[in-house]
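Below is one structure, written out as structure tokens, with a few remarks after it.
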Amino acid sequence: MASRSADRTPDPAGNGACTMTTKPVLLWPKSRSEIAVWLGSNEEHFLVVETNKAAEIRHLYQLTADTPVFDPFPIAGTHYRACLEHVQGSGCRFHIAGLAQCRTVLVRLQDRSIARSSFEELLLALGYLDPKARRTMVVIPPDPWWLVWWRFAIAELRKWWEAVAQFTRHHFKVS
């Protein structure tokens, strides 16, 4: 495991802050080819941990408290719970959950005017981190419960409709 000094570089302004130089972790339940579509960033910008593969959990042993974790689809993935336990167990302070929140932070990270800012300063500027509780883990709330419920209901209705269509095609051949 690399030392913390290798993970961060001192702020050139000399105010004691550090700028981010390591790759953030991305908890990803989908195909890797979809990262650019959903997040607007390439796979190379992240240490991608696929939440559908148990072997990917080994990448989470490299986490430090200052490693940002992007979690655009919380709860998604067969092994998501185990991944989340590793993130929480590492004392990770920057866990950004939710697709909209991940996109917002990633867009701001690409802004060259804040390139020398620390990740903590970026989250403070976006209002995602409480200035009084800087040392606590940042969890941006995922989508509201009703939106998650509707997505689940639509997915179940889609499965049911596909089953009805398959049954109809199989038993009632249309000529």
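The values are calculated or read from the model by the stated rules, or taken from the named source; none is laboratory data. All values reported here derive from a predicted model rather than from experimental measurement. Cβ sites come from the backbone with ideal geometry, for glycine too, and all protein chains shown count toward neighbours.
Structure notes:
- Any hit, region 103-119, residues being of a type outside the set (A, V, I, L, M, F, W, C), touching a strand residue (DSSP E or B) at 6+ places or on another chain (Cβ under 6 Å) and surrounded by 20 or more Cβ atoms within 10 Å (Cβ to Cβ): no
- Residue pairs meeting the criteria (Cβ under 7 Å; at least 6 apart or on separate chains; first touching a residue at least 24 places away in the same chain (Cβ under 8 Å), in region 75-91; second surrounded by fewer than 19 Cβ atoms within 10 Å (Cβ to Cβ) and in a helix (DSSP H, G or I)): HIS79/ALA54; HIS79/ILE57; ALA82/ILE57; CYS83/ILE57; HIS86/ILE57
- Residue match in region 11-24 (condition: modelled with pLDDT of 85 or more and either in contact with a helix residue (DSSP H, G or I) (Cβ under 9 Å, 6 or more places away or on another chain) or not basic (Lys, Arg) (or both)): yes
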